[in-house]
Amino acid sequence: MNEEIRIDKWLWAARFFKTRSLATHAVDLGRILQNQQRIKPAHGVKLGDLIEIQHAEQVWEVEVLRNLDVRGSASVAQTMYRETQASAEKRALVIEKRKFQPEPSAALAGRPTKRQRRQLDFTRS
């Protein structure tokens, strides 16, 4: 299938989102850009379009290679797009930085005691 299909359907078929309604919601929130422009969920995707996807903490920039409107296996989904070199480098850098950052909840040891809460309240006021 090489004709235009809806962007939300393409995102779902390419396995960027688990459900089509999640893809639609992301498009509505402006987290999906097609050729550097905000779009609506019913907007058509053509071969060669550049799509920027902000999903969770990751930002993907991909070029559309195939238009399929059915959700297939992951190996089929990976043939639908090609990630740009710049996007792959940025994502690798973000992943590398995240490795060296301490987990924020690692310093927490459960709920604060009554004394610790009083100290927190005292420092806030």
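For the reader, a short list of remarks on this structure follows.
- Proximity of backbone amide H atoms, modeled 1.01 Å from N, is registered between HIS55 and TRP60 at under 5 Å, excluding neighbours fewer than 5 places apart on the same chain.
- Burial ordering of SER87, SER75, SER21, fewest other beta-carbon atoms within 10 Å first: SER75, SER21, SER87
- By the helix-only formula, in which each DSSP H run with n ≥ 4 contributes -39500 (n - 2.57) and the sum is divided by residues, the chain has a 222 nm mean residue ellipticity of -10500 deg cm²/dmol.
- With 0.36 nm allotted per residue and the present C-alpha distance subtracted, the LEU47-PHE100 stretch has 15.2 nm of extension available.
- Residues ILE95, ILE32, ILE51 arranged by fewest to most Cβ contacts within 10 Å: ILE95, ILE51, ILE32
- Couplings 3J(HN,Hα) of segment 62-70, computed from phi: 10, 9, 6, 10, 9, 10, 10, 9, 10 Hz, in residue order, whole Hz [Karplus 6.51 cos²θ - 1.76 cosθ + 1.60, θ = phi - 60°; x for Gly and Pro].
- Applying 0.36 nm per residue to the separation of LEU29 and GLN78 and subtracting their alpha-carbon distance, the gain on full extension is 15.2 nm.
- Taking a ≥ b ≥ c as the square roots of the eigenvalues of the Cα gyration tensor, segment 20-75 is rounded, since a/c falls below 1.5.
- FRET efficiency, 1/(1 + (r/R0)^6) with R0 41 Å, evaluated for ALA109 and HIS55 via beta carbons: 0.80
- Zone of GLU63's modelled label, taken as backbone nitrogen in segment 14-38 under 17 Å from a point 7 Å along Cα→Cβ: 34-36
- Sorted largest first, the spans of the alpha carbon positions of the chain along the three principal axes are 66, 28, 28 Å.
Where a number appears in this text, it was derived from the coordinates with a stated rule and is not lab data. This structure is a prediction, so every number in the text was calculated from the model and none was measured. Neighbour counts are summed over all protein chains in view; Cβ atoms, including those assigned to glycine, are modelled from backbone coordinates with ideal geometry.
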